[in-house]
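What follows draws every value from the coordinates through simple rules; no lab data is involved. The model shown is predicted, which means the values in this text are computed figures rather than measured ones. Cβ placement follows ideal geometry from the backbone for every residue including glycine, while neighbour counts extend to all protein chains displayed.
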Amino acid sequence: MGYMNNRDIADAIANIKFAIDADPHDGTRHYVLSKLLKAGIIDTMPVSALDPYRPFPEDWTAMQISIFDNGEPEIKRNRAKVQRTKMRFGGNVKVWTGTSIDFSKKNQIAWTHNFYLWQSSIAGQVAQELQDDKCISGETVTMITSAASCAPEFHHSIPMSKGSGTRWLNEHLISVKIEDGFPTCCLFKHPAGHVVGDAFTKLTAGAGNALGGNCIAQVRISRNGDYDQWVS
């Protein structure tokens, strides 16, 4: 690669940021940060990117749950196990802690995990197969099978993260009610308690623009009144 002037560098950074912002699951951001670290451009990873397996922060201040519609998955072959990742609906949870939050800065996200929403009819079997593969505990299987039995009209899931490998979170459960292809309410259970979201919106926070890509809805929850405008 030849010499790059300041304008070239600024353009390259802008293109990288565009790619990061276009990835709702934050994998691109983590990849870019890892390359910057390897090249010696940054000395440490931001706190939000250090450990994809860190526990849910009990002192959370704000939470955003996004729902994605990936379209009906194509069934290519018979599977020995139930499909657990190629689902029509999935989502992402993002959590912030502390005060003076700037929601536009991704390095302030304290915790984020993805999830794939399983219909109640298969949720219990998926959970049992995850336990058979030593991915989750028996207690977690009980949580999701009980939820699927008590709320068959909901989709259910276990949050998961990807670092050096995929990890499914024990004692975490997300249940989402979807009516006519749109989420109307959700319940997120975690070891520190539970959160209910029932005000899904099709608009982004702040600017109120339409959500991009395959994101069809978000619900935003805050335990700090300073962020009521962000919630709405």
Original post:
Among SER104, SER121, SER149, which one moves the most in a GNM of the chain with springs linking Cα atoms closer than 10 Å?
Top reply: SER104
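Go ahead and estimate [θ] at 222 nm for the chain from helices alone: -39,500 (n - 2.57) per DSSP H run with n ≥ 4, summed, over the residue count, rounded to 500.
Working: 6 runs with 62 residues, N = 232.
Here the helix-only value at 222 nm equals -8000 deg cm²/dmol.
Just to be sure I follow the definition: excluding the sites themselves, where is the longest run in the chain that has none of the GluC sites (Glu not before Pro) in a DSSP loop with at most 11 other Cβ atoms within 10 Å?
On the way: sites that count: GLU58, GLU74, GLU153.
In the chain, the maximal stretch lacking such sites is 154-232.
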Original post:
Which length gain, in nm to one decimal place, applies between GLU179 and ARG54 when the Cα-Cα distance is subtracted from 0.36 nm times their residue separation?
Top reply: 41.7 nm
**OP:** Please arrange ARG88, ARG223 by counting, for each residue, the other beta carbons lying within 10 Å of its beta carbon, fewest first.
**Re:** ARG223, ARG88
Subject >> Per-pair calculated FRET efficiency, R0 = 22 Å: ASP102 and ALA22 via Cβ, rounded to 0.05 >> reply: 0.65
**OP:** Could you tally the net charge around ASN214, taking each other residue with its Cβ under 14 Å from the Cβ of ASN214, Lys/Arg +1 and Asp/Glu -1?
**Re:** 0
Subject >> Segment ALA199-ILE41, length gained on full extension (0.36 nm per residue, minus Cα span) >> reply: 52.7 nm
**OP:** Per residue of region 116-131, in order, report the coupling 6.51 cos²θ - 1.76 cosθ + 1.60 (Karplus, θ = phi - 60°) as ³J(HN,Hα) in whole Hz, putting x for Gly and Pro.
**Re:** 10, 8, 9, 5, 4, 5, 10, 4, x, 5, 4, 4, 5, 5, 5, 5
Original post:
Angle between the Cα long axis of helix 138-150 and the longest principal axis of the chain, 0 to 90 degrees, nearest 10?
Top reply: 70
**OP:** Would you order LEU130, LEU187, LEU203 from fewest to most other beta-carbon atoms within 10 Å of each residue's own beta-carbon?
**Re:** LEU203, LEU187, LEU130
Original post:
What percent of all Cα-Cα pairs in the chain falls in each 10 Å bin, counting up from 0?
Top reply: 7, 30, 35, 20, 7, 2, 0
Original post:
Anyone know which of ASP59, ASP69, ASP180 comes out most mobile in the 10 Å Cα GNM of the chain?
Top reply: ASP180
**OP:** Mind jotting down the distance between the C-alpha centroids of region 73-120 and region 183-209, whole Å?
**Re:** 13
Original post:
Quick one: putting +1 on the C-beta of Lys and Arg, -1 on the C-beta of Asp and Glu, what dipole do you get for the chain around its Cα centre, in Debye to the nearest 20?
Top reply: 600
Original post:
Taking N as the number of residues in region 109-206, what is its Cα Rg relative to 2.2 N^0.38 Å?
Top reply: 1.09
